[in-house]
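Novice: Quick one: the structure is below, and I'll ask about it shortly.
The values are calculated or read from the model by the stated rules, or taken from the named source; none is laboratory data. All values reported here derive from a predicted model rather than from experimental measurement. Quick reminder, even Gly has a Cβ in these numbers, built from the backbone with ideal geometry, and neighbours come from all protein chains shown. Remember, those area values only see protein heavy atoms, side chains included, never the ligands or the DNA or RNA. Shrake-Rupley method; radii C 1.70, N 1.55, O 1.52, S 1.80 Å.
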Amino acid sequence: MATLLLLRHGRTTANADGGLAGRQPVELDDTGRAQAAAVGERLRGLPLAAVVTSPLIRCRQTLELALPQAVPIVEDGLIECGYGAWEGQPLRKLAKEPLWPVVQQHPSAAVFPDGEAMAAMAARAVAAVRSWDARLTAEHGPEAVWLACSHGDVIKAIVADALGVHLDLFQRIVADPASVTAIRYTPLRPFLIRLNDTGGDLSGLVPPPRRKRRRTARAESDAAVGGGAGAAPR
């Protein structure tokens, strides 16, 4: 099956200020732009079959800097969780809300005021990447590598699904700004290849070409399998 690279956008002004951006049009700060350029150097040379992105500007800015030659395809399923009335609020203030412990310890039950349920976010994000992965595998073959640029909680939810762990454990997963996480889906199970990778060579994520199987001559009789007529009894 194809290999999915999950790229989190670079640092934003909200990240730097300790705020919850949500779906607001916050942009990369200077550090985020530098992070995007740096991850672009690491991604350079990878034969990406497709580049898919959340519609939010911070993801699109990250790709413009990291992969300027790419033509990203917007995928609404990769958009940030809808935090509703929490968006734009300082995290230190939100930490005092009664919902905060639920988000941290039992996120599958968290529904943001005037916003989205975390379980709904996880379901639509996983459905989006699995659908794209199946489509690109069919179109480009099992050696295909493709990239999806999204957000921290979205990537963590996708990783939790790949690991087969409950969404309530996804807060144990880390996806830093401009990090790369790699997942390979197979008919049997997904495999987490890299997690929160913020440095180093990524060329090893490209699968080697498949070797053609040699056709072996068929045995002329069952004797070739069973040891022959002269074999000692067992």
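Novice: Go through the stretch 110-130 residue by residue and tally those that are closer than 21 Å to GLY18 by Cβ, aliphatic (A, V, I, L, M) and either touching a residue at least 60 places away in the same chain (Cβ under 8 Å) or open to solvent by 50 Å² or more (accessible area, probe 1.4 Å) (or both).
Specialist: Adding up the residues that qualify gives 0.
Novice: What do you reckon, is ALA95 without any contact (Cβ under 8 Å) to a residue 60 or more places away in the chain, aliphatic (A, V, I, L, M) and within 19 Å of ALA16 (Cα to Cα)?
Specialist: Here the answer is yes, as ALA95 does meet what is asked.
Novice: Restricting the first residue to the stretch 154-181 and requiring it to be free of Cβ contacts under 8 Å to residues at least 24 places away in the same chain, which pairs with a second residue that is of a type in the set (Val, Ile, Thr) meet a Cβ separation below 7 Å and a spacing of at least six or different chains?
Specialist: LYS156/ILE173; ILE173/VAL159
Novice: Additional query: Quick test of your reading of the structure: VAL26 fulfils all but one of (1) within 18 Å of SER131 (Cα to Cα); (2) without any contact (Cβ under 8 Å) to a residue 40 or more places away in the chain. Name the failing condition by number.
Specialist: VAL26 satisfies all of (1) within 18 Å of SER131 (Cα to Cα); (2) without any contact (Cβ under 8 Å) to a residue 40 or more places away in the chain except (1).
This table checks each residue for (1) over 22 Å from ALA36 (Cα atoms); (2) touching a Leu at 6+ places or on another chain (Cβ under 9 Å).
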residue: ALA70; (1), (2): no, yes
residue: ASP76; (1), (2): no, no
residue: GLU97; (1), (2): yes, no
residue: TRP100; (1), (2): yes, yes
residue: VAL103; (1), (2): yes, yes
residue: ALA110; (1), (2): yes, yes
residue: ASP114; (1), (2): yes, no
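Novice: How many of the residues making up the stretch 172-195 are open to solvent by 50 Å² or more (accessible area, probe 1.4 Å) and either charged (D, E, K, R) or closer than 14 Å to MET118 by Cβ (or both)?
Specialist: Result for the stretch 172-195: 5.
Novice: May I ask you to verify whether VAL51 is in contact with a Pro (Cβ under 6 Å, 6 or more places away or on another chain) and either within 29 Å of GLY200 (Cβ to Cβ) or modelled with pLDDT under 95 (or both)?
Specialist: Considered against the rule, which asks whether it is in contact with a Pro (Cβ under 6 Å, 6 or more places away or on another chain) and either within 29 Å of GLY200 (Cβ to Cβ) or modelled with pLDDT under 95 (or both), VAL51 comes out as yes.
Novice: Which residue pairs have Cβ atoms under 6 Å apart, sit 6 or more places apart or on different chains, and have a first residue in the stretch 1-12 that is touching a residue at least 24 places away in the same chain (Cβ under 8 Å) and a second that is of a type in the set (Asp, Glu) and open to solvent by less than 10 Å² (accessible area, probe 1.4 Å)?
Specialist: Pairs found: ALA2/ASP133; LEU4/ASP133.
Novice: Answer yes or no as to whether ILE79 is modelled with pLDDT of 95 or more and farther than 21 Å from ASN196 by Cα.
Specialist: When the stated conditions are applied, ILE79 does not pass them.
Novice: Over 16 Å from TRP146 (Cβ atoms) and within 18 Å of the chain's Cα centre (by Cα) - does that describe any residue in the stretch 67-74?
Specialist: No, because not a single residue in the stretch 67-74 is over 16 Å from TRP146 (Cβ atoms) and within 18 Å of the chain's Cα centre (by Cα).
Novice: Among residues belonging to the stretch 80-109 that are farther than 18 Å from GLN24 by Cα, of a type in the set (A, V, I, L, M) and over 22 Å from the mean Cα position of the chain (by Cα), point out the one that is surrounded by the fewest Cβ atoms within 10 Å (Cβ to Cβ).
Specialist: ALA95
Novice: Within the group ASP161, ASP222, ASP201, which residue is of a type in the set (Asp, Glu), at pLDDT below 95 and touching a helix residue (DSSP H, G or I) at 6+ places or on another chain (Cβ under 8 Å)?
Specialist: ASP201
Novice: Only one of ASP168, ASP133 is acidic (Asp, Glu), surrounded by 21 or more Cβ atoms within 10 Å (Cβ to Cβ) and at pLDDT 95 or above; which?
Specialist: The conditions single out ASP133.
Novice: Also, I was wondering about something else. Which ones in the stretch 149-165 are within 19 Å of GLY77 (Cβ to Cβ) and either assigned to a helix (DSSP H, G or I) or open to solvent by 10 Å² or more (accessible area, probe 1.4 Å) (or both)?
Specialist: GLY152, ASP153, VAL154, ILE155, LYS156, ALA157, ILE158, VAL159, ALA160, ASP161, ALA162
Novice: A follow-up question, please. Which members of the stretch 24-49 meet the condition of being more than 30 Å from THR137 (Cβ to Cβ), among the charged types (D, E, K, R) and not in a helix (DSSP H, G or I)?
Specialist: Listed by number, the residues that qualify are GLU27, ASP29.
Novice: While we're here: Suppose we filter the stretch 4-54 for residues that are open to solvent by less than 50 Å² (accessible area, probe 1.4 Å), out of contact with any Leu (no Cβ under 6 Å at 6 or more places or on another chain) and of a type in the set (Lys, Arg); how many remain?
Specialist: Matching residues across the stretch 4-54 total 1.
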